[in-house]
Structures are given as structure tokens and as C-alpha cells.
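The structure appears right after this line, and notes come after that.
Any read-out appearing in this document is the output of simple, stated calculations on the displayed coordinates, not a laboratory observation. All values reported here derive from a predicted model rather than from experimental measurement. A quick note on method: Cβ atoms are made from the backbone with ideal geometry, for glycine too, and the neighbour counts reach across all protein chains shown.
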Amino acid sequence: MIFPLSYLNYLEKMAVMKNRNLLDSFNNAINGIIHAIKYERNMKIHAVSAILVLMMSLLYRLTRLEFLAICLTICLVIICELLNTAIEVLVDIIVDVYHPKAKIIKDVTAGAVLVTSTLALIVGYVIFFDKVKSSLENGIIVVRQSPMHLTVIALIITMLTVLILKARLKTGTPFHGGMPSGHAAASFSITTAIALWTDNMSVTILSLFIAFLVIQSRLEGKIHNMPELVAGAALGILVTLLLFQVFYK
């Protein structure tokens, strides 16, 4: 294959700019990871998932072998995603038009990420299933003994406040877009109520994870921007906290 002269000049320039010392190597490696997290959606998902899993590892006090399996699996998934990103960029540089073989290369590397992600799910299931199941059962027992009407009232007041603010600020529609986000407000209102009811860190973290998934979906769908989502989450938390402070004795 014959490369364009500009590309060969680029390679020559990169060879001249080769890392001068070990510190430069570390800086460039970290920059590569930051770039992948910043611009690759799947890498963001992997990073958030890794943080949550590590937090759960602390809560459930895993054995050394279990923790080692978790760390190895996380590293394997992230390595595959980094390689996938690098190969996609390289293919885009070399082939600037659609080519079936370029598509095959990208599909194969994406398949490698899928395989490692599936492995991560299996490992997580084997290690956490019994522990999470026990925590959820305990949390459900506590919730059943608590006054559910407070959560219903908090949710209604939260959504009414959202509708009033949207009407005053004249942004979006009552159920789509605008300031603040109704979905974020509702999800974090429920999460706050669960946290105050159960006093169970494991159940609270699981609820919080679901609430963040709601925010992620609204952000990815470009229905809300980050300030609208943050405002909605803060509103849901504050309204629910206020009601529980006043009425939950």
C-alpha cells in the first residue's frame, strides 16, 4: 500500500517527537485514557460501571480472590475498549472512504469488547448475586414497614414543582425537555425516599445507580442538558428531604 506523502511526513514527525523520558510516556498514556473516556460513549459506561463495582466490593467485603477477579475483569474490559478505540482511529486515518474490510476490522474489535463485557457480567453475577439478593430482601422488609404515602406525596409535590418551574421559565414542554428535568427529579426523589426508609447502604447504592441511568438516558437522547438534569436531581432530593424531616417521625 502506498501512503500519501503528507501521512509519511506525519509519521516522520511523530518519530522525532518520540517520548524523551519515562515521565513523558506516563503522561501520554494517561492522556490516551482521558481521551477515550472523554470522547467514547462506551468508555464512559465502562468507567462508571467500574467505579460502582469497586464501591460494591468495599461494601460487601469481598475475599482477596473475589476482589482480584473483579480487578482483572475490569482491566480486561478497559484494555479491550482502549484497543478498539485505537484501531478505529487508525482505520479512519488509513481509509477515508467506506470499505468492507475496514468495517470487518471495526466489527471484530467491537466483538472483542462484547466478549469481555459478557465475561464481566458473568463474573459480577457469580460474585455479587447472593450478596445483593440478601441486601434487597432486607431492604424490602424495611420498606414494607414504612409509610409509603410519604413517597407518593413527595413524588407528586416534586412533579408539580417541576411543571410550575417549566411554565414560569417557559422551557420545553410539561413532559419533554426544559428546566428542570422531571425524570431526574422523580428518580432522585424516589432514591432519597428509599435511602431514608431503609437506612441500607447497599439498597441505596443500587437505587442511585438506577437514577444515574435515567440521567444518562436523557443526556444521551439529547432531551436535557446537564444543568437541567442536575437541577431536577437537586429538586427531587430537597423536596423529599423536607417532607421526611417534617412528617417522618
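Around Met179, with a cut-off of 11 angstrom between Cβ atoms, what is the net charge of the other residues, counting Lys and Arg +1 and Asp and Glu -1? Write down the numbers at each step before the final one.
On the way: positive: Lys166, Arg168, Lys170; negative: Glu228.
My count for the surroundings of Met179 gives +2.
Give, in nm to one decimal, the length gained when the segment between Leu83 and Leu23 is fully stretched (0.36 nm per residue of separation minus the Cα-Cα distance). Don't skip to the end; give the middle numbers.
On the way: separation 60, 0.36 × 60 = 21.60 nm, distance 2.20 nm.
Extra length from Leu83 to Leu23 when fully extended: 19.4 nm.
Can you find, among Val239, Ser202, Ile223, the residue farthest towards the positive end of the dipole of segment 146-247? Put +1 on the C-beta of Lys and Arg, -1 on that of Asp and Glu.
Ile223
At R0 = 41 Å, how high is the FRET efficiency between Leu163 and Arg41 if r is their beta carbon distance? Nearest 0.05 is fine. Don't jump to the answer; show the numbers that get you there.
On the way: r = 31 Å, r/R0 = 0.76.
After rounding to 0.05, the efficiency reads 0.85.
Where in segment 160-225 are there trypsin sites (Lys or Arg not before Pro) that are in a DSSP coil and have at most 11 other Cβ atoms within 10 angstrom of their Cβ?
Numbers: sites: Lys166, Arg168, Lys170, Arg218, Lys222; in loops: Lys170, Lys222.
Passing both the DSSP loop test and the Cβ count: Lys170, Lys222.
What net charge is computed for the residues neighbouring Glu81, neighbours being all others with C-beta under 14 Å from the C-beta of Glu81, Lys and Arg scored +1, Asp and Glu -1? It would help to have the intermediate numbers written out before the result.
Working: positive: Lys38, Arg41, Lys44, Lys106; negative: Glu40, Glu88.
Overall, the nearby charge balance is +2.
Working out 0.36 nm times the residue gap between Ser134 and Val48, then minus their Cα-Cα distance, what length gain in nm do you get to one decimal? Before the final figure, lay out each step's value.
Details: separation 86, 0.36 × 86 = 30.96 nm, distance 2.40 nm.
Contour length minus the Cα-Cα distance gives 28.6 nm.
Among His183, His176, rank each residue by its count of other Cβ atoms within 10 Å, from fewest to most, as a rough exposure measure. Each step should come with its number before you reach the end.
On the way: His183 22, His176 11.
Fewest-to-most ranking of His183, His176: His176, His183.
Please identify every one of the chymotrypsin sites (Phe, Trp or Tyr not before Pro) in segment 37-102 that sits in a loop by DSSP and has no more than 10 other beta carbons within 10 Å of its own beta carbon. Provide the component values of the computation, followed by the final result.
Numbers: sites: Tyr39, Tyr60, Phe67, Tyr98; in loops: Tyr98.
Passing both the DSSP loop test and the Cβ count: Tyr98.
Would you kindly state how much longer the chain becomes between Ile153 and Asn31 on full extension, computed as 0.36 nm times their sequence separation minus their alpha carbon distance, in nm to one decimal?
Values: separation 122, 0.36 × 122 = 43.92 nm, distance 4.76 nm.
Contour length minus Cα-Cα distance gives 39.2 nm.
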